[in-house]
Structure formats: C-alpha cells, structure tokens
1. When you go through 270, 310, 278, 302 one by one, which is the residue that is in the same structural domain as residue 108 (by TED's automatic domain parsing) and either away from the ligand (no atom under 15 Å from the Cβ) or surrounded by 23 or more Cβ atoms within 10 Å (Cβ to Cβ) (or both)?
2. If a residue must be assigned to a loop (DSSP other than H, G, I, E, B) and at pLDDT below 95, how many such residues does region 60-98 contain?
3. May I ask you to verify whether residue 204 is among the polar types (S, T, N, Q), in a loop (DSSP other than H, G, I, E, B) and either within 16 Å of the ligand (Cβ to nearest atom) or touching a residue at least 12 places away in the same chain (Cβ under 8 Å) (or both)?
4. Of (1) open to solvent by less than 60 Å² (accessible area, probe 1.4 Å); (2) modelled with pLDDT under 95; (3) among the hydrophobic types (A, V, I, L, M, F, W, C), residue 226 satisfies all except one. Which?
5. In region 127-185, what residues are away from the ligand (no atom under 16 Å from the Cβ), of a type in the set (A, V, I, L, M, F, W, C) and part of a strand (DSSP E or B)?
6. If I ask for residues that are open to solvent by less than 60 Å² (accessible area, probe 1.4 Å) and touching a Ser or Thr at 6+ places or on another chain (Cβ under 8 Å), which ones from region 99-119 would you list?
7. One residue is enough: does region 208-216 have a residue meeting the conditions assigned to a loop (DSSP other than H, G, I, E, B), away from the ligand (no atom under 16 Å from the Cβ) and surrounded by 17 or more Cβ atoms within 10 Å (Cβ to Cβ)?
8. If you scan region 229-243, which residues turn out to be of a type in the set (D, E, K, R) and open to solvent by 40 Å² or more (accessible area, probe 1.4 Å)?
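The values are calculated or read from the model by the stated rules, or taken from the named source; none is laboratory data. As the structure is a computational prediction, the values presented were derived from the model and not from experiment. Note that each Cβ is placed from the backbone with ideal geometry, even for glycine, and that neighbours are counted across all protein chains shown. All accessible areas refer to the heavy atoms of the entire protein, side chains included, with ligands and DNA or RNA removed. Shrake-Rupley method; radii C 1.70, N 1.55, O 1.52, S 1.80 Å.
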Amino acid sequence: MAADASSEPQPTATANSYFTTKTFTAFIALLAITLAFSSTFRNTFSSAFSKPAVRAMTMTTTSTSTSVPAAMKINKRPWAARGKADHGWLYSFHTFSFASYYDPRHESFGPLRVINEDRVKPGTGFGTHSHAEFLIFSYIVNGTLEHKDSMGNLENLKRGEVQFTSAGTGIRHSEYNRNTDDEVHFLQIWAKPNKRGLKPHYKTKKFSDEEKTDKLVRIMESTDRVSKGAIPLQADLSMDASILAPGKSVTHELVAEGPRKVFAQVIMSGRTQPKEGGAKIVIGDTTLAEGDGAYIDVSGPGKIELKSVGDKPAEFLLFDMGPEEK
Ligand SMILES: *[C@@H]1O[C@H](CO)[C@@H](O)[C@H](O)[C@H]1NC(C)=O
C-alpha cells in the first residue's frame with residue numbers, strides 16, 4: 001500500500017498542491033468578501049427589517065389589546081382552577097392554598113396570602129375562631145354578613161361594605177349569615193403585615209356602586225402611602241375596586257417604583273362562570289372572565305390599562321403589592 005502511494009505520478013502531486021494553494025487563497029479571499037458583505041448585509045437587514053418589525057409588534061399590541069408597561073408578565077388564574085370547597089352551608093373558591101386545598105404553586109403573591117370567594121347559606125356561618133398576625137378584610141358582594149368579635153364589635157355588613165380586621169397579637173371573631181332567605185356572597189382576603197405584634201384593630205367602611213362605576217376606587221392602602229378615603233393597613237399593598245361598564249377602560253398607575261406584584265380578580269355573578277357572555281376584562285393580551293384572576297409581574301413606574309369587554313359591567317379587585325418580605 002505504502003509503495004503504491006509513493007509511486008503516485010509526480011505531476012499529479014504537483015498539480016494537487018498547486019490547486020490546493022490556489023483554492024486556499026481563493027477561499028480566504030472569498031471568506032473575507034463574504035464576511036464584509038454579510039456584515040453590511042446584517043446591518044442593512046437589521047435596519048430594514050428588525051426595527052420596523054418591533055414597531056409593528058408594538059402597534060399590534062396597542063391596537064388589539066390594552067396598553068401595558070413593556071415588561072409585563074401575566075399568568076392567568078382561571079376560575080375553575082382555583083381550589084373549591086362545597087360544604088353545603090359554604091361554597092367557596094380558594095385562589096391560594098387554604099384549609100384542605102393545597103397547591104405549592106399557589107401559596108401567596110407578595111403579602112397576599114388568601115383570596116376566598118365565599119357563599120354562605122342562610123342561617124349558617126363561621127363560628128367563633130381566632131386569628132393572629134394577619135390583616136383580614138371582607139368585601140361584601142351580596143347579602144348580609146354578621147360580624148362579631150372579641151373587641152366588642154357587632155355589625156351587619158352589606159353590599160359595598162369592607163370590613164377590615166388587623167388581628168395583630170390576636171382576636172376572636174365569628175361571621176354569620178343571619179338572613180333566613182338569602183345567601184351572602186363575599187370575598188375574604190388575608191395579607192401578611194410588615195410588622196408583628198400589632199395591636200388588634202377594626203374598621204368598616206362603605207364604598208358605593210356609584211363611586212366604583214367606571215373608576216378605580218382605592219379601598220385599601222399601605223400606611224406608608226397616603227390615600228384619602230382608603231382603609232390603611234400595615235403592608236405594601238394597595239387594593240382598588242371597580243365596576244366597569246362594557247366598552248369602558250380604567251388605568252391603574254403603579255403605586256411604587258421597582259418590582260410590583262399586581263393581582264386582578266373578577267368577581268362572579270353566579271356559582272359558575274357563564275358559558276357565554278358575562279363580565280370580562282382585558283389586561284394586555286389576557287382576557288379575564290367571571291371568577292378568573294391574573295398574577296401580573298411588572299416594574300414601576302408604569303401604568304396598566306384594564307378594559308371591560310363583556311356584555312355586562314365587570315366588578316373586579318386590583319391589588320398592587322411589593323415583593324414578599326423574606
Ligand atoms: C343577590 O342575592 C339575591 C338573593 O340571594 C339574589 O336573588 C340576587 O340574584 C343576587 N344578586 C347578585 C348580583 O348576585
């Protein structure tokens with residue numbers, strides 16, 4: 001084999017090395033030209049196509065959906081994916097792990113730890129139980145809820161009323177539906193306070209439908225911010241409510257700079273989401289119908305637009321919170 005290889009005709013070898021050298025030189029020249037051309041081409045390509053493509057996307061975003069801060073991440077929490085409890089006397093949806101519902105993906109969001117959408121049958125309720133180290137507020141949607149506590153408060157809460165209890169070092173209370181005919185529908189919300197050992201505190205305030213119509217009304221506000229009319233609480237949490245007519249929009253201005261955890265929750269008009277129609281809102285490219293919620297990660301300063309696109313007014317809550325304190 002080796003003898004055969006060494007006996008190859010010389011001219012062929014010379015021709016081979018001649019062509020190899022020439023091809024190599026030509027290859028280098030071609031490579032240089034290709035690189036030069038392609039970098040020009042790249043620049044031309046990027047200015048001719050990439051930038052208008054980005055502009056086109058931005059235009060699409062603003063024309064087919066609501067205006068949102070550039071880096072907004074939305075993760076929908078569909079109504080039926082929530083934890084559900086049907087105990088007969090109590091029919092409830094849990095946005096976050098609660099009682100016998102546990103899902104490690106839905107434990108809390110910022111200081112927000114509980115959103116339960118509760119319906120309590122006539123003549124039943126939550127007997128006396130204790131709480132500590134939580135900020136607890138009930139947003140009454142329909143019916144009447146009797147609230148009685150160890151601080152001596154006894155009230156019949158009706159639609160529009162928000163009952164806030166800062167449990168602090170500890171309270172005992174009961175929540176009861178004394179009505180003999182109608183169920184009570186309310187959202188109970190818990191948030192973690194930014195200070196432990198607070199003195200227990202109680203406050204109830206009414207926010208009328210008229211006030212909320214086609215507006216965002218600040219219901220809860222951190223004691224670190226000033227908001228006339230809102231109920232103050234010891235957490236980086238603002239909560240607005242709105243009743244938005246079809247076709248109308250509202251704009252929420254993020255309440256602080258830096259990373260914000262925003263949560264939207266559309267309130268249900270019945271026990272299940274209507275198969276068609278009903279209340280709907282759009283945030284960015286995401287549509288939320290009755291009972292749906294959305295986790296929104298965004299950074300302030302910035303604005304979030306919410307538009308009502310259903311066939312009836314959408315009642316919803318909008319939270320704007322700081323990242324969870326570790
Ligand atoms: C409020 O409750 C009453 C009595 O249960 C019911 O007839 C009515 O449809 C409810 N309204 C809404 C908006 O859920």
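1. Details: 270 fails: either away from the ligand (no atom under 15 Å from the Cβ) or surrounded by 23 or more Cβ atoms within 10 Å (Cβ to Cβ) (or both); 310 fails: either away from the ligand (no atom under 15 Å from the Cβ) or surrounded by 23 or more Cβ atoms within 10 Å (Cβ to Cβ) (or both); 278 fails: either away from the ligand (no atom under 15 Å from the Cβ) or surrounded by 23 or more Cβ atoms within 10 Å (Cβ to Cβ) (or both).
Result of the check over 270, 310, 278, 302: 302.
2. Taking region 60-98 and keeping what is assigned to a loop (DSSP other than H, G, I, E, B), we get 65-72, 78, 82, 87-89, 95-97.
Those left that are additionally at pLDDT below 95: 65-72.
So the answer is 8.
3. no
4. Among (1) open to solvent by less than 60 Å² (accessible area, probe 1.4 Å); (2) modelled with pLDDT under 95; (3) among the hydrophobic types (A, V, I, L, M, F, W, C), the lone unmet condition for residue 226 is (1).
5. 135, 136, 137, 154, 162, 164, 171
6. Keep residues of region 99-119 that are open to solvent by less than 60 Å² (accessible area, probe 1.4 Å), which gives 101, 103, 106, 108-119.
Those that are open to solvent by less than 60 Å² (accessible area, probe 1.4 Å) and touching a Ser or Thr at 6+ places or on another chain (Cβ under 8 Å): 103, 106, 114, 115, 116, 117, 118, 119.
7. Quick first cut of region 208-216, residues assigned to a loop (DSSP other than H, G, I, E, B) only: 208, 214-216.
Imposing the further condition that a residue be away from the ligand (no atom under 16 Å from the Cβ) reduces the set to 214-216.
In the following step, the residues that additionally are surrounded by 17 or more Cβ atoms within 10 Å (Cβ to Cβ) were identified as 216.
Yes: one or more hits.
8. 236
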